[in-house]
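Trainee: There's a structure below that I have some questions on.
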Amino acid sequence: MKLLDVVTDRWEPASFDLLDWDAFLVEARNAGILASLGFRFEKCGWLERLPPEVLSHIQAECAIAVENQRALRWEVNRIQRALAKLDVPIILLKGAAYIFAGLPSSPGRVASDVDILVPKEHLADVEHTLIERGWATMKLDAYDQRYYRTWMHELPPLCHRDRDVVVDVHHNILPETGRLHPDPRELVKSSTSVDGERLRVLAPHDMVLHSAAHLFQDGELNGGLRDLVDLDSLLRHFGSGENFWDGLLSRAQTMDLERPLFYALRYCEQWLGTPLPDTSALKRPRVPALTIMDALTRRAVMPDGFRPHSLRTQLARWLLYVRSHWLRMPPVLLARHLLRKAWARTRSQNS
């Protein structure tokens, strides 16, 4: 895959012909990292070495990313203003956190919505206040409302009626019904300020663990290369700090997140060449499970290209979709949930 050659710097611009560039543009855009790579090219002085047809695509994607970040910063400003009277820390997650913290992965990083974490005891006040200030719960039926409010780690998505930007308000980083149970109080306690006031981001160890958990415990891995690239950047940036790695492994044990961290480190090292220390202290899955996970993940994470999905890729993505739900819910609840969704889908198709 040409995209991996570029991401891992195993290439030279002169080695690509126009067909290679076509494949790269499609794969990078589908992975959501074309703008990020464009800013990397600019930093390395490679933009002038690109064919004009390719350069125009990359410059357009970079301009879109700049506008996306401007809109995101304004939305966070509006959230801060709306919640100003509440004594509640606002902890940014994922893309918004990388951008506001000025991390190396922020240039070109696009965020489709704003994810925030607040203490669970303040959840009702935060939701009520945001609704008063122009946000509204997205149209969901009664079952979906219950699904979010009873079993998940976040409120139903809120969308501003004028700006059409979605805000996801979390009270934890994994569902309460899931197999793993990180302590949200520890996440809040260890968070750090980015503006000297109430706007905060997760501590470095927790930021890495959240990214790993989001991809390998709560997500479906479909098109997850961008999340792996984020993890690679976080690990390279924070990993240069003293005692980071010992602290990361210890924190993973404390927060019940060893398994997703294991997978994150494994695939970052294998596919992106992330420099890692000895991580043998992490618990490994059993060999059959790891072999299956390796095969499925390789197919599912890579972005779509010109060619339609093979049956193997479709099967891998479906199996990982089932896995994500299996990890999210106990068996009886999962069976009820999937039956309910299948019935709703059938009814919608027949109406």
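We did not get these values from a lab; they are worked out from the coordinates using the rules stated. The structure presented is a predicted model; accordingly, all values stated were derived computationally and were not measured. Positions of Cβ are backbone-derived with ideal geometry, glycine not excepted, and every protein chain shown enters the neighbour counts.
Trainee: How big is D for segment 220-351, in µm² s⁻¹ as a whole number, if Stokes-Einstein is applied with the Kirkwood radius of its Cα pairs at 37 °C and 0.692 mPa s?
Mentor: Taking Rh from Cα pairs, D becomes 192 µm²/s.
Trainee: Sorting check: for 227-233, 160-166, 210-216, which peptide has the highest mean count of neighbouring beta carbons within 10 Å, and how do the rest follow?
Mentor: Order by mean packing, descending: 210-216, 227-233, 160-166.
Trainee: Follow-up question, since we're still on this one. Which semi-axes, in whole Å and largest first, does the equivalent ellipsoid of segment 1-118 have when worked out from the alpha carbon gyration tensor as the square roots of 5 times its eigenvalues?
Mentor: Largest first, segment 1-118 gives 34, 13, 11 Å.
Trainee: Ranking request for peptides 25-32, 38-45: highest mean number of other beta-carbon atoms within 10 Å first, then the rest in descending order.
Mentor: Ranked from most to least packed, the peptides come out as 25-32, 38-45.
Trainee: Remind me, relative contact order of the chain in percent, using alpha carbon pairs under 8 angstrom and six or more residues apart?
Mentor: Answer for the chain is 17 percent.
Trainee: Separate question: Return the distance in nm (one decimal) between the two label points of a simple spin-label model at residue 250 and residue 280, each offset 7 Å from Cα along Cα→Cβ.
Mentor: Going by the 7 Å Cα→Cβ label model, 2.1 nm.
Trainee: Could I ask something else about it? Give me P(r) over segment 2-350, computed from all C-alpha to C-alpha distances, binned every 20 Å, as integer percentages.
Mentor: In order of increasing distance, the bins hold 27, 60, 13, 0 percent.
Trainee: Further, regarding this structure: How many angstrom lie between the Cα centre of segment 115-145 and the Cα centre of segment 156-207?
Mentor: 13 Å
Trainee: Give, in nm to one decimal, the length gained when the segment between residue 8 and residue 346 is fully stretched (0.36 nm per residue of separation minus the Cα-Cα distance).
Mentor: Stretched out fully, the residue 8 to residue 346 stretch lengthens by 117.3 nm.
Trainee: Using per-residue counts of other Cβ atoms within 10 Å, averaged over each peptide, order 268-281, 333-346 from highest down.
Mentor: 268-281, 333-346
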